[in-house]
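Working notes, beginning with the structure itself.
The values are calculated or read from the model by the stated rules, or taken from the named source; none is laboratory data. Keep in mind that this is a model prediction, so the values were computed, not measured. Heads up, the Cβs are rebuilt from the backbone with ideal geometry, glycines too, and the neighbour counts pull from every protein chain shown. For accessibility, only protein heavy atoms count, side chains too; no ligands or nucleic acids. Shrake-Rupley method; radii C 1.70, N 1.55, O 1.52, S 1.80 Å.
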Amino acid sequence: MKILVTGTAGFIGHNLTKKLLERGDEVTGIDNINDYYDVNLKYGRLKDLGIDKEAIKEKTAVTSSTYPSHRFMKLDLSDRAGMEKLFKEEQFDAVCNLAAQAGVRYSLENPHAYVDSNVVGFLNILEGCRHHGVKNLCYASSSSVYGLNKSQPFKTSDHTDHPVSLYAATKKSNEMMAHTYAHLYGIQTTGLRFFTVYGPWGRPDMAPMLFTDAILHDRPIKVFNYGEMSRDFTYIDDITDGVIKVLDNPATPNPDWNPQNPTPESSSAPYKIYNIGNNQPVSLMKFIETIEAKLGKIAQKEMLPMQPGDVQSTYADVTGLINDMDYKPDTPLDEGVEKFVAWYKDFY
């Protein structure tokens, strides 16, 4: 397939792009390489894909020195003209939209960045698919859409009408926009609600990197809600294996969908929502202990109250992906953290 991967300098985008290229797909990757976090890490991911930092110019495609079927372009999703040109020239078979302004907490500080990237940018993706015959679109949603919902595990049949951050609200809007385009134009849209992803090349604003860096440099780690938190930590390879299964099996209409009693995860349109997680929540303190064990060093801990916009726990019901795609994450926490720590020490 000829696939557009957006956010290819990002954590999940980099790993997905590499796997697609290694199995023989043709991939065009785009990213705006913004400075939300250290751009050197983003350029490091691109280098791992054979894209030289010095060769990157705005809106100019660069061919990978490692993978001849990979081209990268520095381009912002919110650049309407640039996105129109890209879709017109490339004629993709499928699109995987992973680019977004990420981070729950940062959305409290810079809300406009989220609307520009996650709403306007996503509309440009949908319009590109609509006008250039792309019928297969998968895109990143987020477990944060569950918001105030306390019923666990989180199920895609749950309604998600009470977000607690603007980031979550933009991801919910992506799902609604995708359904509209699936209904009106027959675009097969699949939304993936990611649950706390970790592993090599991870984001420096997320707990694994923050904790590891602080412990190694003798700084205290911030433990929110006094440690009474849990997350459905999911290893990066398990995440991207699931994304590839979705790309290979685009959404179809649900013949049993009942408009008199509508369920939110599917439709009479070719629309589907999946949770993608480990289906095994881990307490925050257990996660910290695992990192401590791999580093051979005990963390100094600063116990703090819950932060605004955060949730106490996440837990993914992945029954839909198991039933439809034979998907099952299988990387144990101990193994995943060991691989992450090894990468961290090597890279930094």
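When M1 is tested against (1) surrounded by fewer than 17 Cβ atoms within 10 Å (Cβ to Cβ); (2) touching an Asp or Glu at 6+ places or on another chain (Cβ under 8 Å); (3) farther than 21 Å from G242 by Cα; (4) touching a residue at least 24 places away in the same chain (Cβ under 8 Å), exactly one condition is not met: (3).
Scan region 161-190 residue by residue and report those that are buried (at least 23 other Cβ atoms within 10 Å of the Cβ) and in a loop (DSSP other than H, G, I, E, B). Result: S165, I187.
Among the residues of region 196-212, those identified as at pLDDT 90 or above, crowded, with 19+ Cβ neighbours inside 10 Å and not in a helix (DSSP H, G or I) are V197, Y198, G199, P200, W201, G202, R203.
Starting from residues that are more than 14 Å from L284 (Cβ to Cβ) and among the charged types (D, E, K, R), keep the ones in region 213-239 and report whichever is surrounded by the most Cβ atoms within 10 Å (Cβ to Cβ). Spell out how you get there, then give the answer.
Keep residues of region 213-239 that are more than 14 Å from L284 (Cβ to Cβ), which gives 213-220, 234-239.
With the extra rule that they be among the charged types (D, E, K, R), the set shrinks to 213, 218-219, 237-238.
Working: D213: 14, D218: 9, R219: 13, D237: 17, D238: 19.
Here the residue is D238.
To keep it simple, each residue is scored yes or no on (1) in a helix (DSSP H, G or I); (2) modelled with pLDDT under 95; (3) among the aliphatic types (A, V, I, L, M).
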{"position": "I30", "(1), (2), (3)": "no, no, yes"}
{"position": "G44", "(1), (2), (3)": "yes, no, no"}
{"position": "E89", "(1), (2), (3)": "yes, no, no"}
{"position": "V95", "(1), (2), (3)": "no, no, yes"}
{"position": "A100", "(1), (2), (3)": "no, yes, yes"}
{"position": "G103", "(1), (2), (3)": "no, yes, no"}
{"position": "N124", "(1), (2), (3)": "yes, no, no"}
{"position": "V134", "(1), (2), (3)": "no, no, yes"}
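Residue count for region 46-61, restricted to those that are closer than 21 Å to V243 by Cβ, part of a loop (DSSP other than H, G, I, E, B) and either among the β-branched types (V, I, T) or within 18 Å of the chain's Cα centre (by Cα) (or both): 1. Against the list (1) closer than 23 Å to F11 by Cβ; (2) in contact (Cβ under 8 Å) with a residue 24 or more places away in the chain, the condition D93 fails is (1). Residue pairs whose Cβ atoms lie under 7 Å apart, sitting 6 or more positions apart in sequence or on different chains, and linking a residue in region 33-46 that is closer than 9 Å to A9 by Cα to a partner that is of a type in the set (K, R) and surrounded by 15 or more Cβ atoms within 10 Å (Cβ to Cβ), are I33/K42; I33/K74.
In this structure, does R193 turn out to be open to solvent by less than 40 Å² (accessible area, probe 1.4 Å) and at pLDDT 95 or above? In short, yes. Of all residue pairs spaced 6 or more apart or on separate chains, those with beta-carbon atoms under 7 Å, a first member in region 170-186 that is within 17 Å of T263 (Cα to Cα) and a second member that is part of a loop (DSSP other than H, G, I, E, B) and open to solvent by 40 Å² or more (accessible area, probe 1.4 Å) are K172/P163.
Filtered by the rule that a residue be outside any helix (DSSP H, G or I) and open to solvent by less than 60 Å² (accessible area, probe 1.4 Å), region 105-122 gives a lone residue, N110.
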